[in-house]
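What follows is one structure encoded as structure tokens, with my remarks underneath.
Where a number appears in this text, it was derived from the coordinates with a stated rule and is not lab data. Since we're looking at a predicted model, the values are computed, not measured. All Cβ positions, even for glycine, are placed from backbone atoms using ideal geometry, and neighbour counts span all protein chains on display.
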Amino acid sequence: MKKIFYFLLLMISHSFLYSTDVVGLEVGNIIKPFKIYEYPSGKEFTENNFKGKMTILNFGTTWCPACLEEKKSLNSFMDNNKNLSINIVPVLIDSKENIKKYLDKEKFNYTFYEDKNMEVGNKFLIRGVPMTFILDENGGIVYKHLGAVNFESIKSIFENLKEE
């Protein structure tokens, strides 16, 4: 009986290690101040550069197949929805060299940004990629998703926010 008790205690304490207290920013939160850098210019941007418009803030890497498919989906989404007034902020968490190789090989219709030393990823507690946030005009999180997003399927989020 004592072994069962200790086993259950161990399982319960283990579950607290992976509790949702450490999931980062959630829907309804305002994003934390951050700095990212436009690729390849290195120009610094902060969260204030993106306020005033709805924003897709998308974190990914150059080596992640789901991230590449998602970037292609985002490219198609932007081509088909030029009437939407939104910021597209794809943030790559990788070295400059890998970003260059990636963008030389793949063609996109939007600017990419770097997260130097995973500073922003750590602030947002990004623990997997791709990770997407949709922000309202004031930097409030209205949508959060870990995993690949089909951007056409979330178009309704922008339409609903526009109506409000």
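Qualifying GluC sites (Glu not before Pro) in segment 32-123, where qualification requires a DSSP coil assignment and no more than 16 other C-beta atoms within 10 Å, comprise E106. Greater than 22 Å separation of Cα atoms is the criterion. Which listed pairs, K35/K72; K35/K107; K32/K155; K43/K100, meet it? Exceeds cut-off: K35/K72; K35/K107; K32/K155. If you count the DSSP beta bridges with both ends in segment 21-163, what percent of them are antiparallel, to the nearest 5? Within segment 21-163, antiparallel bridges account for around 65 percent of the total. Loop-resident chymotrypsin sites (Phe, Trp or Tyr not before Pro) (DSSP state other than H, G, I, E or B) in segment 85-139 with no more than 15 further Cβ atoms inside 10 Å of their Cβ: F108, Y110.
For segment 55-90, the list of chymotrypsin sites (Phe, Trp or Tyr not before Pro) that fall in a loop by DSSP and count at most 12 other C-beta atoms within 10 angstrom reads W63. If R0 is taken as 35 Å, the Cβ-Cβ distance between E137 and D104 corresponds to a FRET efficiency of 0.55.
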